[in-house]
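Asker: Next up is a structure, given as C-alpha cells.
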Amino acid sequence: MDFENMNIWCWLIPFLVGAICAYLGYLIGKSRAKTIDNSAQLKILEDKNAKLQADLDACNGKLSSQASAPVSSFTADTAIPFNATAAKAALGKAVKQDDLKVVEGIGPKIAGMFNDSGISTWRALSESSVADCQKVLDGGGDRYKIHDPASWPMQARMCYEGKWSELAKWQDEHKHGKL
C-alpha cells in the first residue's frame with residue numbers, strides 16, 4: 001500500500017459517517033426509551049367514568065320506581081271534552097271523537113283490530129302500553145309486522161287531551177308514525 005498518495009479525506013469521511021450514525025442511533029434509542037406517564041389522565045378518566053356510572057344507576061333507579069307507579073295523569077272520572085272544530089282546524093280534516101284512524105299509522109283494519117280487543121277510544125289507547133299494541137298487531141298475522149306502534153299511545157294521548165296542534169306538528173315531522 002502506498003500511504004504517501006492517500007489523502008486525509010479517505011480517513012476523515014468514514015470516521016465522520018460513523019460518528020454521525022452513532023449519534024443518530026443514540027438519539028433514536030433515547031426517544032424510544034422514553035415512557036409517557038399517563039397515570040394522572042387515567043385517574044381523571046376513571047373518576048369521570050365512576051361519576052357517570054353513578055348517574056346512570058341513579059337514572060335507572062328513578063326509571064324503575066316510575067315504572068311501578070301509574071303513568072296516567074288523569075283519573076277514571078276525568079273527562080276532557082272533545083272539540084271537533086279545533087281538531088279540524090289543526091289537522092285540516094273532519095275528526096270524529098275516538099276515531100283511532102287519526103293516529104298516524106292506524107288504518108281502518110288496524111282500528112277494527114283494536115276495537116275487537118277492547119281498545120276503542122283514544123283514552124284506552126293512550127293508557128295501553130306499546131307491548132299491548134304490538135300484541136294486537138301480532139294477532140292480525142304477518143301482514144301487520146311492518147307496523148311500528150311505538151308512538152301510538154303518545155298520539156292517542158294528544159288526541160284525548162285535545163292537543164291538536166301538537167299532534168299535527170308531530171305528524172308532520174314524523175311521517176309514517178315513526179319515532
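The values are calculated or read from the model by the stated rules, or taken from the named source; none is laboratory data. Worth saying up front: this structure is predicted, and the values here are computed from it rather than measured. Neighbour counts run over all protein chains shown; Cβ positions are idealised from the backbone, glycine included. Note: accessible area is taken over every heavy atom of the protein model, side chains too, but ligands, DNA and RNA are not part of it. Shrake-Rupley method; radii C 1.70, N 1.55, O 1.52, S 1.80 Å.
Asker: Could you check, for region 137-159, whether at least one of its residues is under 20 Å from residue 79 (Cα atoms) and not in a helix (DSSP H, G or I)?
Answerer: no
Asker: Taking the condition within 21 Å of residue 165 (Cα to Cα), modelled with pLDDT under 90 and not in a helix (DSSP H, G or I), does residue 93 pass? Write out each step before concluding.
Answerer: Working: within 21 Å of residue 165 (Cα to Cα): yes; modelled with pLDDT under 90: yes; not in a helix (DSSP H, G or I): yes.
Against the criterion (within 21 Å of residue 165 (Cα to Cα), modelled with pLDDT under 90 and not in a helix (DSSP H, G or I)), residue 93 qualifies.
Asker: Right, another one. So residue 166 fits all but one of (1) within 19 Å of residue 110 (Cα to Cα); (2) part of a helix (DSSP H, G or I); what number is the exception?
Answerer: (1)
Asker: Confirm whether residue 30 is modelled with pLDDT under 90 and either part of a helix (DSSP H, G or I) or surrounded by 10 or more Cβ atoms within 10 Å (Cβ to Cβ) (or both).
Answerer: Considered against the rule, which asks whether it is modelled with pLDDT under 90 and either part of a helix (DSSP H, G or I) or surrounded by 10 or more Cβ atoms within 10 Å (Cβ to Cβ) (or both), residue 30 comes out as yes.
Asker: Here are some residues: 124, 90. Which one is closer than 21 Å to residue 169 by Cβ and either surrounded by 20 or more Cβ atoms within 10 Å (Cβ to Cβ) or out of contact with any Asp or Glu (no Cβ under 7 Å at 6 or more places or on another chain) (or both)?
Answerer: Values: 124 fails: closer than 21 Å to residue 169 by Cβ.
Of 124, 90, the one residue that is closer than 21 Å to residue 169 by Cβ and either surrounded by 20 or more Cβ atoms within 10 Å (Cβ to Cβ) or out of contact with any Asp or Glu (no Cβ under 7 Å at 6 or more places or on another chain) (or both) is 90.
Asker: Pairs only if they're at least six apart or on different chains, beta carbon under 6 angstrom, first in region 1-20 and among the acidic types (Asp, Glu), second surrounded by 10 or more Cβ atoms within 10 Å (Cβ to Cβ) and modelled with pLDDT under 85; list them, first residue then second.
Answerer: So the pair list comes out empty.
Asker: Which of the residues that make up region 144-165 are open to solvent by 100 Å² or more (accessible area, probe 1.4 Å) and at pLDDT 90 or above?
Answerer: none
Asker: So, one more: Looking at this structure, is residue 64 farther than 22 Å from residue 111 by Cα, at pLDDT below 85 and outside any loop (DSSP other than H, G, I, E, B)?
Answerer: Numbers: farther than 22 Å from residue 111 by Cα: yes; at pLDDT below 85: yes; outside any loop (DSSP other than H, G, I, E, B): yes.
Yes.
Asker: When you go through (1) under 30 Å from residue 169 (Cβ atoms); (2) charged (D, E, K, R); (3) surrounded by 12 or more Cβ atoms within 10 Å (Cβ to Cβ) one by one for residue 116, which number turns out not to apply?
Answerer: Looking at each condition in turn, residue 116 falls short on (1).
Asker: Then there's this: Quick check on region 43-51. Is at least one of its residues closer than 24 Å to residue 136 by Cα and at pLDDT 85 or above? So that I can check it myself, show each step before the final result.
Answerer: Our first condition is that a residue be closer than 24 Å to residue 136 by Cα; within region 43-51, this holds for none.
So far as region 43-51 goes, no, none of its residues is closer than 24 Å to residue 136 by Cα and at pLDDT 85 or above.
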